[in-house]
Amino acid sequence: RDGELATLRNTLDAVIEQRRPKLVVVSGDAGVGKSRLADEFAAVVDSSPARVAWHHGRCLAYGDGVAMWALAEAVRSRLGLVERDTVTADDVGSALVEHVVDVDQRERLRPRLAVLLGDRTAGDFPGEDLFAAWTDFFELLAVGRDAVVLVVEDAENADRGLLAFLDHLVTTATAPLFVLVLARPELLAAHGDLGGDAARTVTLERLSDGDMAEMMSRLVANLPEQARDHLVTRAGGVPLFAVET
């Protein structure tokens, strides 16, 4: 996946240089290596001199209150509120002190981020007001940093509201934001215009038999050739199947 990894690195470099948002959809079948590619990209970013704030959230396939789960998960982690079963506007206000200097900005963001994190008593705001506030939050995180990364995993399960926010984020923000979306092909089949002009797609194809065989030989010392070939055939180019087996 050297070429695909290079695409992610080059896109992040462009975000840093241009100070403008970009969105990349990594599309591929289940088990083909989307999460692994994101992990390798994270390792590259971590070892680079760039000052990058990394955020990660996963879209859930079912359950109550999961519409913005991936975004809420990312924000909870940034604010240090992951361990709390419930989050109030006061909790958010206390956590924002570390990230937002201006008092008026904190007071505006406090209830709107609390709504995202599940506090139904924080207020009743129009959707466009919430989107603008959440975008401002990510822009403020970019102050003093080279870039802010938001990884959204399992995005084929994403609610339309979350996808609408990602569109809003990359088309209206004026900060170095890199949104990395990991999804099965059905996401782009239904939402091919995600991200507009700020977006590009990286498609992960299934691995060739030769690449699969090399991967298995590296993974398992002295793997018998017959067993290796059988695994390669059964895996059908999906590395996760072969590795887990």
Restricting the stretch 119-136 to residues that are buried (at least 17 other Cβ atoms within 10 Å of the Cβ) and either not aromatic (Phe, Trp, Tyr) or not in a helix (DSSP H, G or I) (or both), the residue that is nearest to the chain's Cα centre (by Cα): THR135
Any hit, the stretch 113-128, residues being among the small types (Gly, Ala, Ser) and either touching a strand residue (DSSP E or B) at 6+ places or on another chain (Cβ under 7 Å) or closer than 16 Å to ALA173 by Cβ (or both): no
Cross-chain or 6+ apart pairs with Cβ under 9 Å, the stretch 189-214 first and within 26 Å of ALA158 (Cβ to Cβ), then basic (Lys, Arg) and open to solvent by less than 40 Å² (accessible area, probe 1.4 Å): LEU204/LYS34
Counted residues, the stretch 69-90 - those being under 18 Å from the mean Cα position of the chain (by Cα) and part of a helix (DSSP H, G or I): 11
Selection from the stretch 137-161 of residues that are open to solvent by 10 Å² or more (accessible area, probe 1.4 Å) and assigned to a strand (DSSP E or B): GLU153
All positions within the stretch 196-224 that are open to solvent by less than 80 Å² (accessible area, probe 1.4 Å), under 25 Å from GLN18 (Cβ atoms) and out of contact with any Pro (no Cβ under 9 Å at 6 or more places or on another chain): GLY196, ALA199, THR201, VAL202
Criterion (open to solvent by less than 40 Å² (accessible area, probe 1.4 Å) and either out of contact with any helix residue (DSSP H, G or I) (no Cβ under 9 Å at 6 or more places or on another chain) or more than 22 Å from VAL151 (Cβ to Cβ) (or both)) met by exactly one of ALA43, ALA89, ALA53: ALA89
Members of the stretch 13-36 found to be in a helix (DSSP H, G or I), open to solvent by 10 Å² or more (accessible area, probe 1.4 Å), in contact with a strand residue (DSSP E or B) (Cβ under 9 Å, 6 or more places away or on another chain) and closer than 23 Å to ASP146 by Cβ, listed by number: ALA14, ILE16
Residue among ALA175, ALA164 that is closer than 19 Å to LYS22 by Cα, at pLDDT 95 or above, assigned to a loop (DSSP other than H, G, I, E, B) and not polar (S, T, N, Q): ALA175
Any hit, the stretch 54-62, residues being assigned to a helix (DSSP H, G or I) and closer than 24 Å to GLU153 by Cβ: no
Every residue from the stretch 1-12 that is over 14 Å from the mean Cα position of the chain (by Cα) and either surrounded by 19 or more Cβ atoms within 10 Å (Cβ to Cβ) or within 24 Å of MET212 (Cβ to Cβ) (or both): ARG1, ASP2, GLY3, GLU4, LEU5, ALA6, THR7
Answer residue from the stretch 225-245, given it is out of contact with any helix residue (DSSP H, G or I) (no Cβ under 7 Å at 6 or more places or on another chain) and of a type in the set (S, T, N, Q) and is surrounded by the most Cβ atoms within 10 Å (Cβ to Cβ) among those: THR233
Residue match in the stretch 162-182 (condition: surrounded by fewer than 18 Cβ atoms within 10 Å (Cβ to Cβ), closer than 30 Å to ALA74 by Cα, hydrophobic (A, V, I, L, M, F, W, C) and touching a residue at least 60 places away in the same chain (Cβ under 8 Å)): no
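The values are calculated or read from the model by the stated rules, or taken from the named source; none is laboratory data. Predicted model only: the values in this text are computed from it and were never measured. Cβ: placed from backbone, ideal geometry, glycine included. Neighbour counts: every protein chain shown. Accessible surface is based on the protein model in full, side chains and every heavy atom, while ligands, DNA and RNA are left aside. Shrake-Rupley method; radii C 1.70, N 1.55, O 1.52, S 1.80 Å.
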